[in-house]
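Written below as structure tokens is the structure these notes are about.
Only the coordinates and a few stated rules stand behind these numbers; no lab work does. All values reported here derive from a predicted model rather than from experimental measurement. When we count neighbours, we look across all protein chains shown, and the Cβ atoms used for this are built from the backbone with ideal geometry, even at glycine.
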Amino acid sequence: MSLLVVGSMAFDSIKSPFGEAEQIVGGSATYFSIAASCFTPVRLVSVVGRDFPEAAIGKLSARGIDLQGLTVAEGETFRWKGYYENDLNVAHTVRTNLNVFEDFAPVLPAEWKETPYVFLGNINPRLQLDVMAQIRKPRIVALDTMNFWIEKSPQPLREAIRNIDILVINEAEVRQLTGELNLIRAARLLMDAGPERVVIKRGEYGVLHLSGDGIFAVPAYPLDTIFDPTGAGDSFAGGFMGYLASMGDKEISEKDYRMATVYGSAVASFTVQAFGTQRLESLSRDDIAQRVSSFRSLSEIPG
Ligand code: AMP
């Protein structure tokens, strides 16, 4: 079934202990849509400037990602500059230039208003609310955010979180959002405020998926080389939501949610093996299936 994403499309400048890259194509919606398109048809809502390379847009559309919701506006594309030190779990932001996102007001094509699966990717919570207001009776709405928006737009963010089903968010941001250091207690506070599920991304420590049905933990796939963790969170979310959307209209069980968490983790483990979207772009269903089976043996408890 179709999966709609709204989020950033960006030029990223990134430095990690293993190298650096200047002005490469990134953004939450970019990583998410490439990852999700391995599983299901994707509809992308975002804005880029005239400086965004046509070849990058061509690559997305070649994957079958529907770009009717992509606006090419006068002005410059969103830019993010960041770096990682030895702790790859922490992205340090040097600069964020919203550029064309300053005046962006998404208008969904009429036939997109009934999209069953919706991902409100990391972007201004006002845009997340704008998209939510245009969607009719979705099956599942999930949302991601980051420290930048928790600080700049706490009120609209709180309003958006009140009306979603799943919050997909990283560990530091869960603490920042709730003021609670213990992740289990923080997730309970968040579930009291709206979402039925909270999926906490913990970088190299994996993912915790919490709901009324209990807690499910998936480790991060142990890799001997990680080049660039940028986009791992968005690729996780793309694999997670893409897997759920691929289930069709059958009722989604706790087992399906858990498998989606494993699929998301498998996809994210490829993203970090190269700078930018490079590795993600060449990912096959076979690569993903093999990594999912490695995950099975990784966590099998004998007895
Ligand atoms: P992550 O998956 O969390 O590593 O997200 C990385 C992506 O988030 C990068 O490609 C950035 O372009 C994008 N990004 C960084 N800051 C922001 C922001 N304030 N709003 C939206 N997207 C952002």
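General remarks:
- Screening L120 with (1) surrounded by fewer than 19 Cβ atoms within 10 Å (Cβ to Cβ); (2) within 15 Å of the ligand (Cβ to nearest atom) gives one miss only, at (1).
- Of the strands (runs of 3 or more DSSP E) entirely within region 1-40, those holding at least 3 residues that are away from the ligand (no atom under 11 Å from the Cβ) and surrounded by fewer than 20 Cβ atoms within 10 Å (Cβ to Cβ) occupy 19-26.
- Of residues in region 42-54 being in contact (Cβ under 8 Å) with a residue 40 or more places away in the chain and more than 16 Å from the ligand (Cβ to nearest atom), the one surrounded by the most Cβ atoms within 10 Å (Cβ to Cβ): V42
- Identity of the residue in region 235-260, in a helix (DSSP H, G or I) and touching a Lys or Arg at 6+ places or on another chain (Cβ under 9 Å), that ends up farthest from the ligand (Cβ to nearest atom): D256
- Taking residues in region 69-87 that are closer than 21 Å to S33 by Cα, and partners anywhere that are more than 10 Å from the ligand (Cβ to nearest atom) and among the aromatic types (F, W, Y), the pairs with Cβ atoms closer than 8 Å and at least 6 places apart or on different chains are G69/W112; T71/F104; V72/F52; A73/F104; T77/F52.
- Criterion applied to I169, I161, I200, I184 was being away from the ligand (no atom under 15 Å from the Cβ), free of Cβ contacts under 8 Å to residues at least 40 places away in the same chain and either farther than 25 Å from A260 by Cβ or surrounded by 20 or more Cβ atoms within 10 Å (Cβ to Cβ) (or both), and the one residue passing it is I161.
- Counted residues, region 66-87 - those being within 16 Å of the ligand (Cβ to nearest atom) and crowded, with 19+ Cβ neighbours inside 10 Å: 6
- Of all residues in region 205-234 being small (G, A, S) and part of a loop (DSSP other than H, G, I, E, B), the one that is nearest to the ligand (Cβ to nearest atom): G231
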